[in-house]
Every structure is written in structure tokens, then in C-alpha cells.
Amino acid sequence: MGHSVTDARFAHAEGYTTVAFGRSGDFVCTGGSDSLVRVFYASKAERDQEAITLEQHSDNVLSLFASRTKLVSGDEEGMVYSFDLGAPASPGAGQLSAEPSGTVLRSTLPARDVSISGNERQVAIATDDEKITVVSLLDMALLHTLAGHRGSVNSVSYSPDSAYLASVGCNGTVRVWDMREDDPSCVSVTHKMAYVCEPGSSMEQSKSRWSPDGRHIAVPCGDHAIKLVERGSWEVAAELGGKHTKMITHVSWSANSKYIASVGLDSQAVVWDVGARKAIQSHTAANALCQVDWNPRGNILAFTDCLGALYIWDDVVPIEQGHAPPYERAAVAATAAAAAAAGASGVAQTAGAAGGGLVGDLFDDSAAVDGGAGNGMDVDDDDGDSVEDAGDALDDFVVDDDGAGYSERQAPHQWMATGGPQSHAFQPGSTPWIGNRRYLAFNMVGSVVSIAQDAAHNSIEVEFYDKSLYRDIHFSDSFKFAMAALSDTGCLFATTTKELANDHSLRGAGDASDVSVVSYRGFASWSTNADWMYKLPPKEHPRCIAASSHGAAVVTSQGMLRLLTGGGVQRHVESLPNRVVTCAARGDLLLLVLEALGTVKSTSGSRLIEYEYILMTMDGQARVASGACPLSPSGEIVWAGFSEEGHPATCDSKGMLRVLHRYWAGRDACWVPALDTRRLSRERGKREAFWPVALSAKQFIVVTCRDRARYPPFPRPILDELDVDIPLLNTDTHAGQQEAKYLTTRLFCEQEHGEVARTGGEHSGDTAAQARDDLEQDKLLLRLVQLACKADKAQRAIDLALMIKLDQSFDAAIKIAIHQKQTALAERLMRIRDSRAAASGGDGDGDGGDIDDHGNSENELHSVVAPDVRHRRRRPPAVTYGQKPSGGDGSDDHAANDTGGDSDASSGDGRPPLPPPQHARVGGMAGAAAEGGEARELVARPAQPPATSRPFNPFGVAAPNTSMEIRRSDSFFSAADLHSNTLSRESSAAASPAAAGKRQPAEHDAGAHGRKHAKVAGRDRVQAKMSAFAFKSNTSAADALEGAAGDDSA
């Protein structure tokens, strides 16, 4: 069947005329110089019916945009109006309706172009004042004013997913704006790409449009050609030219993005095959043409000329010649089925109900459509849209999700599952084409770059970071590899289709009918031929590939996981759900990331993507871990890999890095957020993005992309290192920063030891390395304990101390508490230390006093004076700071007291030893008189558990039985020495013969005067012990204080 163009239908007066099809394809709208907007039926049977005329404008209508339920028009006076549109469920079922819904904008300059966002919430307006105005369609409130053009703006176009906005200025500059942020920013600027024109005449201006699949922007250029700008790289991917001889005024994409229609001042309407990059149809009119638009549901074009005439071009694409139709077959079939079902059910819809106006929704009883219309939705908003949206993940549109008067009749935000793969698989470290180059792989080993040469072949460059181990590789690529996975032992290449390679740049990838190839190039120098190649069966193409020192993995479109060795031996094949998004390998581990079963989609068009992961061995014989793979809201996984130590990690589109923790424990595995790069960018106050490369130890290796660019440039840029920083609360405080450092250190230490336990290898240094890691963590905890003591937060200090692993570090925490004059805290920590020591000395199950979370003991350890005073065995001597251990056999009286030192011994640095406190000698003499000369210490202690009982272990950890080595370099020990020396001089003065003569009668008589001195000395003894920091690992604070109380009683 040949194409046919209808006769001119003069819809408006002579002048610039606009045209736009409705989203459903049932109607076509026009606007002209007579200040009128007209709505016509689009079907052949109803084209001759009278059009709806809208007379709100008072000047020439220069811009027009029609969505599913909205029509927005702008005029030369600067007025922009909004209309609610309604269409019948099927031909003949009812009349069209168009009702004004409000004034969008009042400007003083002409509104040259308008564009409604994909979710129908916003409209962008281009005027002659060098700025772009973004207005909300919900409440007509001004949202944004985008400034950046150096001249009037003549074209704006939203991407289908509403993420980007493309604009063109009269000076030929093309800008792309990121509309996902609260403050939209310009991510790409290209000068002198489009036509350079003078503002003031719409006929001498061109319009650019975004493709329905969201992958390209069609920009008419000064050489009368159309350049296709690729999304993401913002580079020209292809060029269509050779037909137009004058300025191209307007372009329009077909619904499936396979064709472009263009019109120009040369009176030509041309249809281009984007894949073949050539014109397949053309029509020459009698006058210069203004605008053109595709019917989203049919093989129909509509275009207008400068005399106000409307033309309808039927059967535009010659399908009978083997060309693909310009629409999605599933969408059209679903539309027809829905219309037939609606007609069979006898559901009558009025114009207001069909249009979905607010009044119709609220008062029209016929607005409720039964199940035959598809999930209770309006027939116009049929299942075909769901099918189309399932095949095109970017084509999302809002339908009355907030009750603001759209045609949707379902409950707001009702969710439904849509089947089939929702997004393309991707290769970690790969990019789209940037000019004629593309990264196929990028990691810490090196980079693999594909360079487009001609239609027959590309070239591959493999550049390594370590030039001492590898030599760079350069070879001609006749297969046009679309994937690569680089490891330290070899590089795996694969060819695949454009869709699976996520490559719609019209170069590099093959078609679905081509046979895919998997090729491996080994780096081993001892092997004469380490390369191998396999051809996959027909219709089986790689989705993603991975390589490591233990072999290669290929995930195919047929749901196959093929595992091979480095030498090319096929050692395992299994079937997987055909939902694998990406994969990565390192060592003997393979990480697979899959979309969850059925992407959930709301009636507003938003998607809730969820992911799953499988962690398995490279030989396919064991599943290490599996489960849900979390991501940030409204985000997608953009990178997956392993750290240099072998820990799985992912990064989503919101900049959140996550590490899989305890994966060696199977079900206990969990994803820990390790770094929020967007928060880091905000803290830096810069407009930058981070492209993930690798994770090494405690650093995230990235490429910093300036001005919000998404991919690294060429040549290969310098890598940046971001310190891993777990996103905790209050990280603006010193304590919060220290907590983040501690959690990060503990995370990677546990990861390292867990990987050793999984592989059965030995840790470097074995127990010494474990102790070193524990000490590193304890140092951070001690800093936190010190901050808690300074802030007088005793309970926080106890919680931190309970996390300490080494006994020496716990003793240091006690010293910190005393140095900060937290005596009660120090006492409680000493009780906890004694419980830990008892647990480590026994069998760990003793019941010698339960301690609750706040350090309280059921044995009343907080009591320092017992009701009865009992004689205890002599405790082993403890070394006080400034003294050496006594060399006697323990018969000396001084060995019984807490100083435990030899009175004649001197310290190693020449300092005089601390003499025993006075009350110790007094108590010793009194004890000798009471016991017949044998010196014993009177100590009051709480009741001890039976010897057969097992000590209670409330902490679940065993601490070493070693004492803390006191370092003289600590600043507060010097202060303690000074105070101890002062006490020593006072004690020496008290021990003079004169003082002894005065004290002798009291000692022998054991009278009241002696008891008074003993009490005073008891207080001095406690003060001396606390000041000199004489702590022993096998005695508790209760023993020391009860000993002092016993002397007081004596």
C-alpha cells in the first residue's frame, strides 16, 4: 500500500501553525496566527467532523504540547494556558472534550515552545528572556527558573522519564538540565550545534525533540542535517542528512524511536530510518512547512504549513517493503482489545467521564469502568500503556495520582506488578560511546577502550596501571566487542546485541540475528597460547560477563550461566532467572545481581525496583550467600564488584556504597552502607559526581566527574580516593566522627578475618595480627571513653568500655576515668574488669555475682564496709608505680600491705620509693598484738561464691591475665609522681623517732588515740592509692576500699 497525503485543511489563518497529536492518538491539535486552538479527530472515518475550537488566546499561538490528558499552549503575548482533554473509548463512542483548566504563565515575552514532563506534573516554557520557566501543573506554582542561555530560548523538550530537559538557544547552544535535583543544574553545554537564528520569528527557528526511549536528542543543525545527541555522554552519536536544502524547522520521533520525521523551509517532509541512517520517504508540499508530529498509535504523520493548513500523511512507513512499523504492536493490539471489551460490555462514557475532568470524576456515575476495561482504569488509559511501559522502562506517565483531575479512576498510587525484564543489563566499569571512544572495562588492573574506526572494525586498547607486570595491548577488533571483563590474569571479551549491550549509538553492537562470540586473552607469560574463543548458539547472547584468576563467567539471554576456567575448560553450566543485571568476580567468588521478580509499578508511572544477589564460587559448586540487595529509594544499581581484599560491594545511582558483611556466615550476611558520596559532594560544596572504579581497604576509588558529568573522560583520568565513612548520626561532632572511624575499622577487620576463615588460610602474623587489629579498635574506643568522661556521661563510657577487647586497654579506660575525676565510674569499671578476669580464669559459667547493664551486682559489690570483719589471707604483693617488686619471701611486714614494695628499694629512674602508708604499719602492729606477732591484714570483703561454683561471665569474652604496663611517658603520671612524692615526705616526717615516741604508747595500748591516727592514715592510704594509680589485674576496687575500711575499724 502506497502512502497518501490528505488535501490541505485550512485550520487557521496564514502564518506560523503548530501541531501535536494527543497521547492516545485519537485526536490532533493545532494552533495558529488567528489566536485559536483547534482539536480534530485523527481517525480516517472522523476527520471530517467539526473540530473543537478553544478561544482563550488573544494573540498568535506559537507553541503547543499535548499529553494523555493535558493540552498546553502558548502565544506571542506571553500567555500560557492549560486544557483538560477527553477522548472517546472507541470511535463513535462519544465526543471529544477540551475544557480550560487554568493559566499556567503570564509572561511579557512570547512563549516560543512548551514541553510537559513525562509524569505530567510540570511544564517547561521557553521565552525570549534567556531563561526557561518551569511551572507546576498541579497548582500552577512557579518551580524553577533555569538561567544559562546567552540569548532567547526557542526550544525545550523533556526526556520521557522527566529526568532531563534539553533546551536550544537562538545562538545555537544546546543545553541539557538535570531536573532530578531540588535545584536543577546544567550537565551539558554544546555551542554552535543548532541553527543560529535571530529571535522574533518562529518560522526561522527550529525545534529539538527527545526520543520516546529517552536515549537520544534530535537536534536540527546548520548544515541542514539532524544530529542525534546520545544521553549520558552528550556526544553526537549519528547524523542524518542529505535531503533538506534549507533550514529544518521541526523534528518528531516515532513511538518506537526507530524513525524521525522532519520538515523545513524547503517545503519537504522527510522520514528517516534511524538505524539505517537514511531517508526512506519524502513529500514535497506547496509552501514552507512549520511543524510535524507522529501519531503515537499509528503509521500516521501530521504537519502544517505557513498558510495555516493541516496535512495528514497516512501509511508513512512502507511496512510492506520490510520496514518495521513506527509504533509498538503490543500497544496497538492492547488498545484495540480494550476498546472492543468496552464496547462489548456496553459501558457508556460521556465526554466528561472520558476526559477525566474533575467534575466528571466526582459526579458522573458512568465514570466507573468495569473489569473489561482493564484493571478498573479508563479505557483511554488502557492496558496498552502498561504493556508499552513494560517494554520501555523510560516511558512513564502520571495519571491522576493525586486526585487533581486527571483521567485515571483508580485509587491514587495503586501498585501493580509488571512482568518481563525491566532494565538492561550492564557491565561494571563500562560507559556509552563518548565521541568515537568507549570504556569497556575500568578497574584497578587497568582499562579497556574500544575505538570506532569504520563500519568494518573497531580497535581495542588495554592499558594497565602496573607497567612492570604487564605491557599495554593494542589490536584490531573485527568482531566489534561490546563487553569486556579485565582481571590480573586475562581479559574476557564478548559480542552481543545493541539492547543487551545498552548501546544504541548505532555503532559497535550487533543485531539479534548475529551469532555472539566470547573470547579470552590470557596474560600468562609462560604459556605459549593462553587464548581461546567460543561461539554461542543462535539467539543466545551474553547479558554480562566476569573474569578473575579462577576463570570466567558468562550470563546469557537464555538464562544460562556458563563457567569456564582460565584455559577455556567448560566446567559448569546452570540455569538462572533471566533477570540478571550485572555480575563481577574476584578470586574464587562470583557475585550476581538480579532484579527482583516483577518490577512494581504505580499508576503514577513510578517504579519500585528491587534487586537480589547470589554469591557463589567460581566453580559453581557452592552458594556462599544470597538474599535481597538493598538500594536507595528511586535508585538503581550502577556498579558491582569486589574490594581488593575480596569483599562484595555495590553502588547505586544515588551514590550510596554498600559492602556485604559476614557473607562467610551465610544467613547472617548483611549489607552495610559504607559511604554516601552525594552527602560528601554536598559537604564539599561542589557540583561533582563520582564514577565508581574499585574499593580498596578503607578507600573508595573513583573518578571525579566535574559539572555533574556522568562518565570519565578521555584520555584516562587520574583516580581519586575517598575514605570510607559509614553514614552515622551527628558526624559533625568529634564523637560522631570517632564512632564512624571505629565502626569502619571494625567492619574491615572482621571482613579480613572472616575471609581468612572462609578460605581456610592463615592470617599474616596469625594471633599477632589479630591482636594488632584489636589494639587498633581499642585505641578508637579509648578516645571515645575519654570524650564521654569529659562530657560526664558515665553510662556511655561503660557502654564503650564493654566493647573493649584487650585487658590492657580496659585498664587504660579505668585510668582515663580516674584522670577525669570520675571515681564512681572507675570503681564500676574495676568491678567489670574483675568479672572478666574471673570469667577468663574459670570455666566461664560461674555464678559469683550477676552484674546488670549498669554495673550493679547482686552481691552488693557497691558496699565498701562489711558488717563483720574477717581475717583474709595475705594477698600477693602488687607493684606500685615508682617501686620494684619485693625480693623477700613475704615475711616482711611491708609485704602484707597494698604497697607490696621493699622499703629499701629504689625506682629504676633514681626516684625514692613510696613508703608504706602510716596506717598500714599501725594496722600491722595492732594485728601482731592480737595474733601473737604474726602480721595480718584486716580486710572486709563481701561473701565469695563456693570454690566449686563457676564464675559468672556477663560479657561473653575472655580477657588476658596480664597487667597493664604503665608508661611513664603519660602526662598525668608525672602529676601522680609529684603528688606521691609529697605524700612520701609527709609519711617520712610522721615516721620520725619523735613522732614514733609519741605514738608508741598508743600503739601498745591500742587506745582511742591510736585509732584516731589509724582512721586518718586510712584516708591517706586511699588517697595515695588513687593518686599513684596502683592497680592490679587480680584485685578489685572493692578489695582496696574494704581494706581501708577494715583498718578504720581496727
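The values are calculated or read from the model by the stated rules, or taken from the named source; none is laboratory data. Predicted model, so just to flag it, every value in this text is computed and none were measured. For neighbour counting, all protein chains shown are included, and Cβ atoms are generated from backbone atoms with ideal geometry for every residue, glycine included. When the accessible area is computed, the model is the full protein with side chains, heavy atoms only, and any ligands, DNA or RNA have been set aside. Shrake-Rupley method; radii C 1.70, N 1.55, O 1.52, S 1.80 Å.
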**Prompt:** Among 218-226, 449-457, 102-110, what's the highest-first ranking by average C-beta atoms within 10 angstrom per residue?
**Reply:** 218-226, 102-110, 449-457
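Highest mean first, what order results for 261-271, 709-719, 462-472 on Cβ atoms within 10 Å?
261-271, 709-719, 462-472
First check a/c for segment 236-334, with a ≥ b ≥ c the square roots of the eigenvalues of its C-alpha gyration tensor; if it is under 1.5, answer rounded, and if not, answer prolate when a/b is larger than b/c or oblate otherwise.
oblate
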**Fill in**
Of the listed links K207/K654; K698/K821; K44/K70; K192/K258; K207/K243, those spanning more than 29 angstrom between alpha carbons are K207/K654; K698/K821
**Prompt:** Between Q621 and R106, how many nm apart are label points set 7 Å from Cα along the C-beta direction?
**Reply:** 7.9 nm
**Message:** Only four residue types carry charge here, +1 at the Cβ of Lys and Arg and -1 at the Cβ of Asp and Glu. Report the dipole size of segment 223-324 about the Cα centre in Debye, rounded to the nearest 20.
**Reply:** 140 debye
**Item:** Of all accessible heavy-atom area on segment 110-234, the percent that carbon and sulfur account for (1.4 Å)
**Value:** 43 percent
**Potential lengthening between Q558 and T733 on full extension [0.36 nm per residue; Cα-Cα distance subtracted]** = 57.7 nm
**Convex hull volume of segment 102-192 per residue (C-alpha atoms, cubic angstrom)** = 81 Å³
**Item:** Label-point separation in nm, A791 to E204, each point 7 Å along Cα→Cβ
**Value:** 6.9 nm
**Fill in**
Quick calc of log₁₀ I(q)/I(0), segment 5-54, Debye, one scatterer on every Cα, no solvent, q values 0.17, 0.19, 0.20 1/Å, result -0.49, -0.61, -0.67
**Message:** What does the net charge come to around T145 if you take all other residues with beta carbon closer than 15 Å to its beta carbon, with K and R at +1 and D and E at -1?
**Reply:** -3
**Complete:** Distance in nm between E750 and Y465 label points, each 7 Å along Cα→Cβ, equals 2.7 nm
**Complete:** Scoring only Lys, Arg, Asp and Glu (+1, +1, -1, -1) among other residues with Cβ under 15 Å from the Cβ of R716 yields -2
**Message:** I'd like to compare 785-796, 570-581: which one has the highest average count of other Cβ atoms within 10 Å, and what's the full order after that?
**Reply:** 785-796, 570-581
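Suppose a student asked you for the relative contact order of segment 158-285, using Cα pairs under 8 Å spaced at least 6 residues apart; what percent would you report?
In percent, rounded to a whole number, it is 15.
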**Asked** Over the Cα atoms of segment 708-818, Rg to Rh with Kirkwood Rh, two decimal places?
**Response** 1.11
